[in-house]
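Engineer: Let me begin by handing over the structure; questions about it come next.
The values are calculated or read from the model by the stated rules, or taken from the named source; none is laboratory data. It should be emphasised that the depicted structure is a prediction, and the values quoted were computed from it without experimental measurement. Backbone-built Cβ (ideal geometry, glycine too); neighbour counts: all protein chains shown. Ligands, DNA and RNA are stripped out before the accessible areas are found, and what is left, the full protein with its side chains, is counted by its heavy atoms. Shrake-Rupley method; radii C 1.70, N 1.55, O 1.52, S 1.80 Å.
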Amino acid sequence: MNNIEKGHQFEAPIEERGKELPWDAEKEITKDDWQAMKSELEHYRKIGGWGGFSSQAMEMKIINPEIDLNLDEKDWEGMKWMLEFYRKRDRDNRVEGNLEDFTKQAMEMKIINSETELNLDTKTWQGMKNELEGHRKEIDLLRHFLPRQAMRMKILSPEIDLNLDEKDWQKMKDGLEDRRKQGNWWDFCSRAMEMKILDPEVELNLDEKAWQGMKDGLAFHRKGHNWLHFSHQAMGMKILASPRVKIPPEGGLEVE
């Protein structure tokens, strides 16, 4: 699977660009949904839950790139504090260089604003690579999070060589199929999204049953007022339905 090393942008063929999307965020996300997501963001802001705040903000930004999140200096200070907390905690309290939470936080901030200074030094990158290698060795397909860590690192640095070989890709596909068979559409959506960002031309077999399962999952989160999960799944579906996914040279993510 070499497409991820050849470029970081995918555009559907001209004959496909006018086709109706299998899921359209502009049509499917209601005003009430947006108000609920904004309230969720405000909740995290008020309690200083900057990890949840950055996740919610990133997801909303991908669902609607034109949205104004009203991020002020205090918000950015909070997210940067969370980033440094993860950097220090992972180095002090876990295996040195195991930076999973740090990588997640850094990716979210990069997507919100690609010009964000994250101080990704050599030691930090080595920690993220150690995390990647740990997932590469995982045997349990349901705990095989290689595509998640790889996606985050690729968004932070599009030119990074992740050394994803055919064995890695086969394991990712096997994990996706396991989730499909189990009807675990939440994890299926997340895994498929990660794989598409790594290689927009990868074959995911998103058939009618898969889309219906993801739509039902979204409706379940809406009904249960679980807006953090709702936002995450809506973001994943937006990426999977998009005819154009791009990691710009400076990092971050653009979704049409």
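Engineer: Expressed as a rounded percentage, what relative contact order does the chain have, with Cα pairs under 8 Å and six or more residues apart? Working shown, then result.
Structural biologist: Details: 289 pairs, mean separation 74.5, N = 256.
Relative contact order, the chain: 29 percent.
Engineer: Could you sort the peptides 168-176, 44-52 by per-residue average Cβ neighbour count (10 Å cutoff), highest mean leading?
Structural biologist: Answer by packing, highest mean first, reads 168-176, 44-52.
Engineer: Would you calculate the separation in nanometres between label points at residue 88 and residue 76, each defined as 7 Å from the Cα along the Cα-to-beta-carbon direction?
Structural biologist: A separation of 2.1 nm, rounded to one decimal place.
Engineer: Going by a ≥ b ≥ c, the root eigenvalues of the Cα gyration tensor, does region 203-243 fall in the rounded group (a/c under 1.5), the prolate group (a/b larger than b/c) or the oblate group? Walk me through the numbers on the way to the answer.
Structural biologist: Values: a/c = 3.43, a/b = 1.64, b/c = 2.09.
It is oblate, given that a/c is not under 1.5 and a/b is not larger than b/c.
Engineer: What whole-number value in Å² describes the accessible area per residue of region 57-170 for a 1.4 Å probe?
Structural biologist: Solvent-accessible surface per residue comes out at 51 Å².
Engineer: Let me ask you something else. Sorted by average packing, counted as other Cβ atoms within 10 angstrom per residue and highest first, what order do 230-237, 114-121, 76-83 take?
Structural biologist: Ranked from most to least packed, the peptides come out as 230-237, 76-83, 114-121.
Engineer: Expressed in nm to one decimal, what extension gain is obtained for the pair residue 174 and residue 26 from 0.36 nm per residue of sequence separation less their Cα-Cα distance?
Structural biologist: Taking 0.36 nm per residue and subtracting the Cα distance, the gain is 50.1 nm.
Engineer: Also, I was wondering about something else. Return the carbon/sulfur percentage of the accessible area of the chain, one whole number, probe 1.4 Å, all protein chains in place. Before the final figure, lay out each step's value.
Structural biologist: Numbers: 6050 of 13010 Å².
That share works out to 47 percent.
Engineer: Starting from the Cα-Cα distance between residue 140 and residue 182, subtract it from 0.36 nm times their residue separation and give me the gain in nm to one decimal.
Structural biologist: Extra length from residue 140 to residue 182 when fully extended: 13.6 nm.
Engineer: If you average 1/r over all unlike Cα pairs in the chain and invert the result, what Kirkwood radius do you get in angstrom? Please report the intermediate quantities before stating the final value.
Structural biologist: Details: mean 1/r = 0.0532 Å⁻¹.
It is 18.8 Å.
Engineer: Just grab the label-to-label distance for residue 225 and residue 254, each label 7 Å out from Cα along the Cβ direction, in nm (one decimal).
Structural biologist: Roughly 3.9 nm, to one decimal.
Engineer: Could you rank the peptides 58-65, 131-138 by their average count of other C-beta atoms within 10 Å per residue, with the highest value first?
Structural biologist: Put in order of decreasing packing, that is 58-65, 131-138.
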